Amino acid sequence: MLNFNQDDFTPPISKFEAMLKTNQVLFFDAQEFEGIVQYYIDYGKLNLADRALEIGINQHPTNGELLLLKSEILIFEGEFKKSLEVIKIAEKFIPQHEEIFLQKATIASKSKQHYQAIEFLNKALDFSEDQNEIWALLGMEYLILEDFQSAKYYFQLCLKDDILDYQSLYNLLYAYDQLNDSNGAINTLNSILEKDPYSEVAWHQLGKIYFSQNKFKEAITAFEFAIISDDKFSGAYIEIGKIQEKLRKYNLAIENYHIALQINDPSAFVYYKIAKCHKLLSNHTLFIDFINKAVKVDPTFEKGWISIIKFFILKKDYKNALKYGLKAIESNGDSSFILSLIGDILFLTKKYSDAVIYFENIIEINKNYTDKKVWINLIDCLIILYKLNRARVIIDMALKYLKSSTEILFRLAIIELKLGNNKLAEKHLKLIDKSTINNLLKNDLYYTYRNIV
């Protein structure tokens, strides 16, 4: 984007908008038009920006900056071909303007021509007064190309120029992670902390690296320094809580999570973490209480719903499990996992027709679905309901994604036996070894067929 400094100049917006309400066309100098256009771009009023550019370019047809603003809008609208045509005209008037090459780089990058984008960015460096911005763009192009070594080089340049450039720091740490170079990441963070000992971001990232290495003592120390640097840094308290969980110090974990809640607005994730600790401490009432808080704050928080549904299933309290499952699906209608849990509950409570609806729904909303358990439960429901032809259709579908699944072939054999097609059943059973068949016959649904081996 063109670096138009509005601190030095106030664009005459009122005058321009008053003009638009009349048939009169007033004269504005090129700088005024640049300010007006930039103002409308910043506020997302592209129609007014286009109108200002149309008038501005008519009054100042050789002004390269106005032409580049025009091409910038065209890039934003995805009109790359038209944008390049405008850039070509602008280049005649300001051939050494960095924005010429930055916009060409943007178009190349958006067109997935990343090596070409890098060429343009390197040309832009020759004419730029703010190389940091271009180094960051070069780093991003190399990240896209998965050339993490080159990306690392450019983000290091950004940080050398400005140790408070946290976006470049995050990108650099990502590059180190992809290169499996945790020592490089630690050295970078330590060098930042030497210059800025109260960088809560650097301490936080250092703690996360130590945590990933299971160096819990060092990680806690780093997170504590992050808190010393900023006592309102809730993320550091959450990370300490995670470590205490790992160390099975659940009460200490809960304390840290509660501090995080006091600092920030209520968080479904933090409520969930507190609930999880209470569950591990067998404080089941508190577990339910905090899960309820989690899903109230964010009804789309799947982990919360899933944990409480599973909790009641394990207790064989299917009534409450189903109640929470149906609540969960109101705000997570496309969650295959929650639909599957509801189907399981209905299957366990012998409501097979209802279970079929949920299992079939999962298959409908997921192409190439490969969760064998859902297919098998659906087939079992249909066999129990004696909807054998429908079960056959489902088996044909399942075998497209789960080829040679012995569990599904076994059920196909059972269907053929039920229909009196003994030879077909025998054909399918020959594809399954006897020990596997014996294991499958332990299922109460098929125990009566134990003589088929």
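The values are calculated or read from the model by the stated rules, or taken from the named source; none is laboratory data. Source: prediction; values computed, not measured. Cβ sites come from the backbone with ideal geometry, for glycine too, and all protein chains shown count toward neighbours.
The table below lists the values:
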{"quantity": "Single residue of region 270-298 satisfying the filter (touching a helix residue (DSSP H, G or I) at 6+ places or on another chain (Cβ under 9 Å) and surrounded by fewer than 16 Cβ atoms within 10 Å (Cβ to Cβ)) that is nearest to S331 (Cα to Cα)", "calculated": "K296"}
{"quantity": "Positions within region 122-180 being under 25 Å from the mean Cα position of the chain (by Cα) and among the β-branched types (V, I, T), in sequence order", "calculated": "I144"}
{"quantity": "Criterion: surrounded by 15 or more Cβ atoms within 10 Å (Cβ to Cβ) and under 21 Å from L206 (Cα atoms) - qualifying residue of K152, K123, K160", "calculated": "K152"}
{"quantity": "Verdict on K242 being of a type in the set (K, R), under 19 Å from F211 (Cβ atoms) and touching a Lys or Arg at 6+ places or on another chain (Cβ under 9 Å)", "calculated": "yes"}
{"quantity": "Some residue of region 343-351 being of a type in the set (S, T, N, Q) and part of a helix (DSSP H, G or I)", "calculated": "no"}
{"quantity": "Check on K112, surrounded by fewer than 20 Cβ atoms within 10 Å (Cβ to Cβ), outside the structural domain of A30 (by TED's automatic domain parsing), outside any helix (DSSP H, G or I) and not β-branched (V, I, T)", "calculated": "yes"}
{"quantity": "Single unsatisfied condition, I107 versus (1) at pLDDT below 90; (2) within 30 Å of S150 (Cβ to Cβ); (3) aliphatic (A, V, I, L, M)", "calculated": "(1)"}
{"quantity": "Helices (runs of 4 or more DSSP H) wholly inside region 5-103 that include at least 1 residues being surrounded by fewer than 12 Cβ atoms within 10 Å (Cβ to Cβ)", "calculated": "13-20, 46-59, 80-93"}
{"quantity": "Members of region 321-342 found to be touching a residue at least 12 places away in the same chain (Cβ under 8 Å) and outside any helix (DSSP H, G or I), listed by number", "calculated": "N332, D334, S335"}
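For every residue, the table says whether it meets (1) farther than 22 Å from L402 by Cβ; (2) crowded, with 19+ Cβ neighbours inside 10 Å.
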position	(1), (2)
I329	yes, no
L341	no, yes
T349	yes, no
I362	no, yes
I365	no, no
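Yes/no per residue for (1) buried (at least 19 other Cβ atoms within 10 Å of the Cβ); (2) touching a residue at least 40 places away in the same chain (Cβ under 8 Å); (3) under 30 Å from F312 (Cα atoms); (4) not charged (D, E, K, R):
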| residue | (1), (2), (3), (4) |
| --- | --- |
| Y358 | yes, no, yes, yes |
| K372 | no, no, yes, no |
| I379 | yes, no, yes, yes |
| I384 | no, yes, yes, yes |
| V393 | no, no, no, yes |
| E416 | yes, no, no, no |
| N438 | no, no, no, yes |
| K442 | no, no, yes, no |
